[in-house]
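The values are calculated or read from the model by the stated rules, or taken from the named source; none is laboratory data. As the structure is a computational prediction, the values presented were derived from the model and not from experiment. Note that each Cβ is placed from the backbone with ideal geometry, even for glycine, and that neighbours are counted across all protein chains shown. In case anyone asks, the SASA skips ligands and DNA or RNA and just uses the protein heavy atoms, side chains included. Shrake-Rupley method; radii C 1.70, N 1.55, O 1.52, S 1.80 Å.
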2 protein chains.
Amino acid sequence: MKISMAEIARQCGVSKATVSRALADDPRVKPETKEYIKEVAKRFNYEPHPIASNLARGRTKTIGVVFPAAPRTIADPFFLEYLNGVSSILFEHGYSMLLPQVSWGEGDSTMSQLLAPGRVDGVVLTEPRVDDGRIAFLQKNNMPFVFLGQTNVPGVAWVDGDNEGGAYLAVQELYRLGHRRIAMITGERGLIAAQNRLRGYRRALTELGLPVNQDLIWAGDFTREGGYHTVRNHLQGGAKFPATAIFASNDLMAIGAIQALHEVGLQVPEDVSVIGFDGIEVGRYLSPPLTTVQQPINELGREVAAVLLEQLEKGRRKGVRQATLPVQLVNVGNTAAPPKFS
Amino acid sequence: MKISMAEIARQCGVSKATVSRALADDPRVKPETKEYIKEVAKRFNYEPHPIASNLARGRTKTIGVVFPAAPRTIADPFFLEYLNGVSSILFEHGYSMLLPQVSWGEGDSTMSQLLAPGRVDGVVLTEPRVDDGRIAFLQKNNMPFVFLGQTNVPGVAWVDGDNEGGAYLAVQELYRLGHRRIAMITGERGLIAAQNRLRGYRRALTELGLPVNQDLIWAGDFTREGGYHTVRNHLQGGAKFPATAIFASNDLMAIGAIQALHEVGLQVPEDVSVIGFDGIEVGRYLSPPLTTVQQPINELGREVAAVLLEQLEKGRRKGVRQATLPVQLVNVGNTAAPPKFS
DNA sequence: ACAAAAAATGCAACCGGTTACACCCCGCCG
DNA sequence: CGGCGGGGTGTAACCGGTTGCATTTTTTGT
């Protein structure tokens with residue numbers, strides 16, 4: 001059995017209280033006493049039991065990290081780079097991460113089992129939906145939380161990339177190259193990020209004087225398979241491919257789209273240009289690297305964690321932080337003018 | 001504040017003890033009482049506080065998952081797919097995962113802070129090294145653990161893919177295609193997996209009657225950057241590239257190698273064939289998909305978790321489980337005969 | 001030198017459960 | 001009719017810390 005605080009107290013001839021304070025560097029204990037207690041603790045190789053400590057002070061020094069819902073997985077590249085950023089900040093501040101088993105429909109019971117009664121001090125979530133049910137749940141339980149992604153519920157902390165602006169950039173670039181039939185692969189309809197990217201696409205087309213053609217807005221789900229299948233479907237029947245360029249709402253779908261195009265012998269970017277969104281590392285592994293709207297993914301994670309910790313450490317907050325980080329188009333060399341122009 | 005067990009007890013007119021037993025389905029509680037208590041608990045939406053519960057019974061229902069050391073990161077694709085498998089099994093059994101902040105040199109003090117005194121019931125680790133210092137540490141602290149990766153210390157539970165056999169397969173395939181100058185990019189020297197893959201490479205060459213040429217064994221570190229740089233180095237000086245094929249110890253390095261080759265205008269597989277190891281999902285996103293030795297990554301994770309839970313639930317085990325899972329070569333279409341043969 | 005203020009420490013309750021053991025009540029047996 | 005046995009429940013200690021408040025010790029002021 002590990003040695004306990006009571007034991008240390010006995011060894012030092014003081015009370016548990018003093019030991020506790022000494023180890024917490026409480027200024028109320030006399031420096032020499034403190035010194036001595038620490039010395040003894042070190043000799044006995046004593047370390048306070050975190051569970052007991054957490055129980056006593058009602059906190060856990062643990063943050064719950066909720067990952068994207070199916071069909072996306074915890075192994076989603078975007079999520080992982082983001083997680084990397086989150087973890088680096090949390091760890092710097094002595095927090096651990098708990099990846100809970102949550103498979104909620106609307107964020108209720110399943111979540112409560114793991115997050116509610118004292119397992120975590122706060123939660124970071126991804127992919128807010130319109131009127132996300134999890135928000136009400138967390139607020140009701142008075143649990144601090146931050147979203148990766150803008151929410152449509154006011155008073156909620158979030159950090160996001162500039163989705164609309166990024167989509168706008170992408171479409172503009174394709175237009176500049178001469179494309180006029182620009183398809184878009186959307187994300188899952190309910191996700192706010194998907195909607196904002198779609199809005200950027202629409203706005204760009206409109207401002208450029210192009211019609212917004214519903215037949216060029218294809219439904220995706222942010223997975224590679226989704227991108228692949230939606231493009232396959234539009235390649236059916238031997239008809240001419242209806243677009244000269246595709247803007248995919250994220251890189252995974254862009255990758256899937258490219259695979260589908262390759263399978264029918266279409267070259268990227270010679271025959272069809274493709275631009276993705278996110279700037280996941282994997283995109284750089286392709287040859288040529290994927291043209292994409294680069295989000296500062298790692299930075300987003302760090303910022304999310306920072307905002308949450310701010311809430312936690314400064315107690316009940318004085319206003320909720322919301323931040324939009326800039327995005328930029330990268331690897332623009334890997335798109336081209338449409339065939340008829342070349 | 002959440003409602004407590006004492007409160008429920010008062011409401012029911014019984015003692016905390018009875019409530020505790022009723023909720024735990026203790027047979028000593030009269031069925032009707034049990035029924036009633038459960039009913040009341042439900043009405044009050046009561047759920048026992050896990051931290052308190054854990055403190056009282058000295059366990060946590062949490063597993064520590066240690067991730068690879070620098071230069072690899074928590075966002076390493078292999079690790080994440082593996083983590084996915086681990087998590088699915090753990091969650092099925094009601095366990096959570098704790099990703100601790102560990103940056104140990106040889107697995108000592110840093111680790112103890114997060115794992116030792118009662119935060120986790122068990123630990124899963126990756127990437128055992130030769131005479132891994134963490135083993136002694138965990139054993140000393142009487143902490144159940146399982147490694148992903150064969151260890152050289154007897155009596156330790158582990159699960160691994162067939163590293164040597166996989167490497168052997170890869171080299172054999174390259175030989176079959178006509179390659180005779182087959183380079184290998186190794187993993188970090190101290191890692192047992194790296195050594196076993198190197199052994200498979202050596203054994204294959206020897207059995208095929210080829211010399212083992214030290215100049216064709218290039219040092220890598222299991223990162224993409226490592227693969228990239230080692231190949232760049234061997235492309236220096238305008239000399240002819242010394243190999244017609246590369247076997248990289250993992251996929252990330254294979255991807256890095258391919259990038260380096262592309263940068264000097266060499267085509268894969270026309271000019272140089274490349275085979276990786278692991279079969280991470282990202283490899284399938286390349287065009288053409290990466291030829292690689294596919295490990296059952298997800299399954300490895302599941303198995304690791306299962307072995308650990310077995311240790312935990314069946315108390316002190318009567319013999320430690322060790323398992324080697326089979327691997328197979330995939331996407332073999334994306335390697336080719338060496339140029340002079342074509 | 002003595003009282004008052006300040007500093008240091010101890011006491012004991014508390015966090016929210018679990019569990020060994022004591023206890024009570026009742027039916028059954030001799 | 002008294003005692004035994006066992007099911008059902010309560011008591012209280014315990015897990016290992018934290019912390020408000022009381023108490024003791026030391027310092028400071030006059």
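A cut-off of 5 Å between modelled amide H atoms, ignoring neighbours fewer than 5 places along the same chain, links B:Lys61 with B:Asp121.
Annotation: per residue accessible area for the stretch B:5-48 equals 67 Å², rounded to a whole number [probe 1.4 Å, protein chains only]. For the stretch A:5-48, dividing the convex hull volume of the Cα atoms by the residue count gives 56 Å³ per residue. Annotation for the stretch B:6-36: trypsin sites (Lys or Arg not before Pro) lying in DSSP loop with at most 16 further Cβ atoms inside 10 Å of their Cβ are B:Arg28.
Structure remark: mean-square fluctuation, Gaussian network model of chain B, C-alpha springs under 10 Å; the largest value among B:Ala194, B:Ala157, B:Ala219 belongs to B:Ala219.
Entry note, chain B: the mean residue ellipticity at 222 nm calculated from DSSP H runs of n ≥ 4, each adding -39500 (n - 2.57), is -13000 deg cm²/dmol after division by the residues and rounding to the nearest 500.
Applying the Karplus relation 6.51 cos²θ - 1.76 cosθ + 1.60 with θ = phi - 60° to the stretch B:185-202 yields 3J(HN,Hα) values of 9, 8, x, 4, 3, x, 7, 5, 4, 4, 5, 5, 5, 5, 4, x, 4, 4 Hz, where x marks Gly and Pro. Looking at chain A alone, DSSP beta bridges between its own residues are antiparallel in about 10 percent of cases. Seen through its C-alpha gyration tensor, with square-root eigenvalues sorted a ≥ b ≥ c, the protein assembly as shown comes out oblate because a/c lies at 1.5 or above while a/b is not bigger than b/c.
Given +1 on the Cβ of Lys and Arg, -1 on the Cβ of Asp and Glu, and no further charges, what dipole in debye does chain A carry about its Cα centre, rounded to the nearest 20?
Computed about the Cα centre, the dipole is about 1020 debye.
In sequence order, the stretch B:36-46 has phi-based couplings of 4, 4, 4, 4, 4, 4, 4, 4, 7, 6, 8 Hz under the Karplus curve 6.51 cos²θ - 1.76 cosθ + 1.60, θ = phi - 60°, and Gly or Pro positions carry x.
The A and B chains share an interface that buries close to 3900 Å² of accessible area, total over both sides, probe 1.4 Å. Taking Cα atoms, how many degrees apart are the long axis of helix B:251-263 and the longest axis of chain B, rounded to 10 and kept between 0 and 90? So the helix axis and the longest Cα principal axis differ by about 40 degrees. Would you mind checking the tilt of helix B:297-313 against the longest principal axis of the Cα atoms of chain B, expressed as 0 to 90 degrees and rounded to 10? On a 0 to 90 degree scale, this one is about 40.
In units of the compact-protein estimate 2.2 N^0.38 Å, the stretch A:187-318 shows a Cα radius of gyration of 1.25.
For the stretch B:167-258, what does the alpha-carbon gyration tensor say about shape, rounded, prolate or oblate, given a ≥ b ≥ c as the root eigenvalues, a/c under 1.5 as rounded, and a/b over b/c as prolate? The shape class here is oblate. Convex hull volume of the C-alpha atoms in chain B, normalised per residue: 165 Å³. Surface composition of the stretch B:227-266: carbon plus sulfur atoms hold 52% of the accessible area, using a 1.4 angstrom probe and ignoring ligands, DNA and RNA. Counting only the Cα atoms, the stretch B:257-305 fills a convex hull of 71 Å³ per residue. Dipole magnitude for the protein assembly as shown: about 1980 debye, using +1 per Lys or Arg Cβ and -1 per Asp or Glu Cβ, origin at the Cα centre. In the stretch A:5-48, a dipole from Cβ-located charges (positive for Lys and Arg, negative for Asp and Glu) runs towards its positive end, and of A:Phe44, A:Leu23, A:Cys12 it is A:Cys12 whose Cα lies farthest in that direction.
Under a Gaussian network description of chain B, with springs only between Cα atoms under 10 Å, the residue in B:Pro128, B:Pro48, B:Pro269 that fluctuates furthest is B:Pro48. Averaged over the residues of peptide A:84-92, the number of Cβ atoms from other protein chains lying within 10 Å of each residue's Cβ is 3. Here the 3J(HN,Hα) profile of the stretch A:168-184, calculated from phi with Karplus coefficients 6.51, -1.76 and 1.60 at θ = phi - 60°, is 4, 4, 4, 5, 4, 4, 5, 4, 4, 6, x, 6, 10, 10, 10, 8, 10 Hz, Gly and Pro shown as x. Ordering B:Val307, B:Thr324, B:Ala243 by the projection of their Cα atoms onto the charge dipole of the protein assembly as shown, which places +1 on the Cβ of Lys and Arg and -1 on the Cβ of Asp and Glu, puts B:Val307 at the extreme positive end. Here the Gaussian network model covers chain B, with springs between Cα atoms less than 10 Å apart; of B:Phe137, B:Phe247, B:Phe145, B:Phe137 fluctuates the most.
Centre-to-centre, using Cα atoms only, the stretch B:27-60 and the stretch B:150-195 are separated by 51 Å. Note on the protein assembly as shown: antiparallel DSSP beta bridges, both residues inside, total approximately 15 percent of the bridges counted.
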